[in-house]
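K.L.:
Before anything else, here's the structure in question.
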Amino acid sequence: MSQISTARFAAIELRTLACALLQRAGLDAAMVEDVAEILLEGDLLGHDTHGLALLAPYLAEIDRGGMARTGSYQILNARSSVANWDGMRLPGPWLVLRAIDAAMSMAREHGSGTVTIRRSHHIACLAAYLKRATDQGMIIQLICSDPNSASVAPHGGTQAVFTPNPMAIGFPTEGDPVWIDISASLTTNGMAARKHRQRQSLAHPWLLDRHGVASSDPAVLFTTPPGTILPLGGMEAGHKGYGLALAVEVLTGGLAGFGRADPKEGWGATVWVQILDPEAFGGRAALQKQMQWIADKCRSNPVRPGFEQVRMPGDGGLARRREQLTSGVRLNAEILPALGAWAEKWKVALPSSMPD
């Protein structure tokens, strides 16, 4: 049974709720808006395991000291178009937005800009950040890993080495931008954990049990020893996801100089942000022309059985975002109850649903 509520909530009220709870938790005022914005964007785009579903865990991390309340990142190394930061376990959304702005500034001057961040806290939904760059006509690549945990085994193995290792790329066209948000694994920890809590199976056998047998039952991840999430490509072609996971690791932990070989510090992220300015290459107009042609060819492609149309990555999220900004956001049914204790503790009112 679906756990998406039929009730809708005004986006502005959800943002206000997130800001109020983060403020009461003691998060620096300069960071509150960024964290609330990115979490709300996750739900607006339909990535509801990586949107406001993260707010209660973030509040718990602030409360126990796992997420720093205040401070700034440290610049460990920098050249004209690259930098390596220590995130000091500050909120991931605040850090990544600062890194995007810094990388865009580098790109305007040098054509490209790259920032790596070690010791960031969790960064939420990667797609939620892409608009900031594509609105400026820039190409953005954002990838991350979490050296604190492991749930994905290398192809052919049964013991976890990697996290799902998500990666996102955004670029402009003459119309809507294209926003790609995928991972090197067949599913995410957040989705598997939610399905386990709700006693539901995954749509396909995207997991391995501890014996190396493919399974759709998320309970296999919670045995002793645990099962694992399959890399992208699954049982037959998992070498593809395995290769992507390794690429993520070298660009995050490898270049940031902090990763899986180091002592664990808690839930977090190691991050790579790269911005490219098309004007330093063939030009923004030429880029948009080329990518619009490809987008048109994809969207007009004859469909195979079971599909109504071919979409570009981000089409569904953008449509959902526009509709939910107007008609209200549908939240997963777990989200507001998870925030209830925090709201009661700090006397913050939960939002009422919008009238039908």
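K.L.:
Looking at region 54-100, which trypsin sites (Lys or Arg not before Pro) are in a loop (DSSP not H, G, I, E or B) and have at most 15 other Cβ atoms within 10 Å?
P.N.:
Listed in order of number, the matching sites are Arg69, Arg79.
K.L.:
Bin width 5 Å, alpha-carbon pairs only: give the P(r) of region 1-74 as whole percents, running from 0 to the bin holding the largest distance.
P.N.:
Bins of 5 Å from zero give 3, 15, 25, 25, 16, 9, 4, 1, 1, 0 percent of pairs.
K.L.:
Next question, about the same structure. Which aspartates and glutamates have a Cα lying under 15 Å from the Cα of Lys297, excluding residues fewer than 8 positions away in the same chain?
P.N.:
Glu174, Asp176, Asp315
K.L.:
Debye sum, Cα scatterers, the chain, no solvent: what log₁₀ I/I(0) at q = 0.14 1/Å?
P.N.:
-1.32
K.L.:
Here's another thing I want to ask about it. What is the mean projected area of the alpha carbon convex hull for region 188-229, to one decimal in square nanometres?
P.N.:
2.4
K.L.:
Run the numbers on the chain and let me know its relative contact order in percent, using alpha-carbon pairs under 8 Å that are six or more apart.
P.N.:
24
K.L.:
Only Lys, Arg, Asp and Glu count, each charged at its Cβ (+1, +1, -1, -1), so figure out the dipole size of region 106-149 about its Cα centre, rounded to 20 debye.
P.N.:
The calculation lands at about 80 debye.
K.L.:
Over region 198-355, consider all pairs of different Cα atoms and compute the Kirkwood hydrodynamic radius from their mean reciprocal separation; express it in Å, one decimal.
P.N.:
By the Kirkwood definition, the hydrodynamic radius is 21.4 Å.
K.L.:
How big is the gap, in Å, between the Cα center of region 135-210 and the Cα center of region 56-84?
P.N.:
22
Just so you know, all these numbers are worked out from the coordinates, no wet-lab data involved. All of these numbers come straight from a predicted model, not from anything done at the bench. Virtual Cβ from ideal backbone geometry, glycine too; neighbours counted across all protein chains shown.
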